[in-house]
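The next block holds one structure in the form of structure tokens; read it before the comments.
The values are calculated or read from the model by the stated rules, or taken from the named source; none is laboratory data. Every value quoted in this text rests on a predicted model; they were computed, and no experiment measured them. Neighbour counts are summed over all protein chains in view; Cβ atoms, including those assigned to glycine, are modelled from backbone coordinates with ideal geometry.
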């Protein structure tokens, strides 16, 4: 493994001399405990990222980093908007895979007698698994509106209110979407998948705030987190087949056109195009379409969740307090401004398995949260639940306003399936008070808690680094898995 120099508490750096062509150092943000388990493939990938044209300051790995396609998952890199590149491998196949957290006024005492009925209804209402199709079907014209309007389409259809949009990153709409840049195959894959979870590590969870796990009561109250026993709902999913096909299409195009761009790349998985080139602009426009579709997907799932709660509890969702805390993207590239060498520059920030972590007073976050910072939602495994953080000024100043997105895998899906059977895992979780609903038990084994890093360890690492501040931890009671 390449030599890494510890340059500060929780910060390791690989200098540009470590690999031919590195334009900036690579930085690994971690902890003394986690750094020992970092995959050598992650080091190889992040140092390859550091060779890409126009990259600024350093290529970054978050504490949850693990090997991905092109970029490591948990990788962040910012490129000069004029001289830099855009890379599908720096965004991911599931464009705008992200998380939404929904608060409730319900307590564990309210939910326990109805949990089984509620999970049955949610499992029937929110389709999950490979190839799942949603109850909301749209034609090509309507899907193109979704791709450009994002969550505004949901508001128009009565599936969202103004508060939902206010509490979604960028109002649930990325500008610059260009449906003409999306292939017919990608469109066809997206037509029937609105309001579906998909498979893999995607989920819908009913979670609870336990005693002594509200770590910052003041910020918690600002986000609607109030007392131990409170029920929270977490949703993790993305753009599904639409985003996957867009990534596939443009990786093929960029690899075909590598010679005309005039720069070499270390890895075909890092295929890239100049941001301002026709290819680069087309991919950004298509990526924005997928990102907007993902925002719509999570908003439609929110509407379906609300309907299920209304049926089970016999009250309107507003009376139950089912309000969106925040919805944040994990796999995306966004134009943002940062100070580089004393000058404010426009950059295209790639976040692959990473999320924004904007601090107090940033105009990009909801007005209600500006005194405390942006909500940051971090997913663990289905055995450990999720965590809520607040963004920081330090993340903006030093690390392109970025932080981790989840616990991060330590074991491949294939290896996890060899270690445990899905039915055994389901039954073991049930004995510990976690009910799982899935149509694919073999897939359940892939998502066992042992396949992931310790969410408390990665949470502590980012809190120590000041990338985001830990507010609360939530533990699963019931989980819908693909």
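Listed values, structure above:
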| read-out | value |
| --- | --- |
| Set 357, 402: member being at pLDDT 95 or above, touching a helix residue (DSSP H, G or I) at 6+ places or on another chain (Cβ under 8 Å), surrounded by 21 or more Cβ atoms within 10 Å (Cβ to Cβ) and closer than 21 Å to residue 85 by Cα | 402 |
| Segment 254-274, subset in a loop (DSSP other than H, G, I, E, B) and under 23 Å from the mean Cα position of the chain (by Cα), residue surrounded by the most Cβ atoms within 10 Å (Cβ to Cβ) | 272 |
| Among the candidates 175, 166, 142, 218, residue that is out of contact with any strand residue (DSSP E or B) (no Cβ under 6 Å at 6 or more places or on another chain) and without any contact (Cβ under 8 Å) to a residue 12 or more places away in the chain | 142 |
| Inter-residue pairs, beta-carbon under 7 Å, first within 20 Å of residue 262 (Cβ to Cβ) and in segment 275-298, second in a helix (DSSP H, G or I), 6+ apart | 279/253; 279/254; 282/181; 283/88; 283/250 |
| Residue count for segment 441-482, restricted to those that are over 30 Å from residue 396 (Cα atoms) and out of contact with any strand residue (DSSP E or B) (no Cβ under 8 Å at 6 or more places or on another chain) | 7 |
| Whichever residue in segment 20-47 is touching a residue at least 40 places away in the same chain (Cβ under 8 Å) and touching a strand residue (DSSP E or B) at 6+ places or on another chain (Cβ under 9 Å) and, among such residues, is surrounded by the most Cβ atoms within 10 Å (Cβ to Cβ) | 45 |
| Matching entry among 52, 115, 106 (being over 22 Å from the mean Cα position of the chain (by Cα), touching a residue at least 40 places away in the same chain (Cβ under 8 Å) and assigned to a strand (DSSP E or B)) | 106 |
| Criterion (surrounded by fewer than 24 Cβ atoms within 10 Å (Cβ to Cβ) and at pLDDT 95 or above) met by exactly one of 170, 192 | 170 |
| Leading residue by the ranking (farthest from residue 299 (Cα to Cα)) among those in segment 145-163 that are free of Cβ contacts under 8 Å to residues at least 60 places away in the same chain and in a helix (DSSP H, G or I) | 145 |
| Qualifying positions in segment 222-246 - within 24 Å of residue 378 (Cβ to Cβ) and part of a helix (DSSP H, G or I) | 222, 240, 243, 244 |
| Residue under evaluation residue 101, criteria (1) farther than 17 Å from residue 356 by Cβ; (2) assigned to a strand (DSSP E or B); (3) in contact (Cβ under 8 Å) with a residue 24 or more places away in the chain, criterion not met | (1) |
| Test: residue in segment 24-31 that is more than 30 Å from residue 223 (Cα to Cα) and modelled with pLDDT under 95 | no |
| Subset tally (residues that are in a helix (DSSP H, G or I) and either within 24 Å of residue 184 (Cα to Cα) or touching a strand residue (DSSP E or B) at 6+ places or on another chain (Cβ under 7 Å) (or both)) for segment 123-139 | 1 |
| Subset of segment 1-18 (residues that are outside any helix (DSSP H, G or I) and more than 22 Å from residue 466 (Cα to Cα)) | 1, 2, 3, 15 |
| Segment 126-163, residues that are over 18 Å from the mean Cα position of the chain (by Cα) and within 23 Å of residue 368 (Cα to Cα) | 152, 154, 155, 159, 160, 161, 162, 163 |
| Failed condition for residue 61, given (1) over 24 Å from residue 289 (Cβ atoms); (2) outside any strand (DSSP E or B); (3) modelled with pLDDT of 95 or more | (2) |
| Residues of segment 421-436 that turn out to be touching a helix residue (DSSP H, G or I) at 6+ places or on another chain (Cβ under 7 Å) and under 17 Å from residue 113 (Cα atoms), as a count | 2 |
| Of all residues in segment 19-43 being in a helix (DSSP H, G or I) and under 23 Å from the mean Cα position of the chain (by Cα), the one that is nearest to residue 6 (Cα to Cα) | 35 |
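Each row is one residue, and each column tells you yes or no for (1) at pLDDT 95 or above; (2) closer than 25 Å to residue 279 by Cα; (3) touching a strand residue (DSSP E or B) at 6+ places or on another chain (Cβ under 7 Å); (4) crowded, with 19+ Cβ neighbours inside 10 Å.
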| site | (1), (2), (3), (4) |
| --- | --- |
| 121 | yes, no, no, no |
| 158 | yes, no, no, no |
| 197 | no, no, yes, yes |
| 211 | no, no, no, no |
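Here is a yes/no grid of residues against (1) buried (at least 22 other Cβ atoms within 10 Å of the Cβ); (2) within 15 Å of the chain's Cα centre (by Cα); (3) assigned to a loop (DSSP other than H, G, I, E, B):
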{"site": "292", "(1), (2), (3)": "yes, yes, no"}
{"site": "297", "(1), (2), (3)": "yes, yes, no"}
{"site": "328", "(1), (2), (3)": "yes, yes, no"}
{"site": "335", "(1), (2), (3)": "no, no, no"}
{"site": "350", "(1), (2), (3)": "yes, yes, no"}
{"site": "365", "(1), (2), (3)": "yes, no, yes"}
{"site": "376", "(1), (2), (3)": "yes, yes, no"}
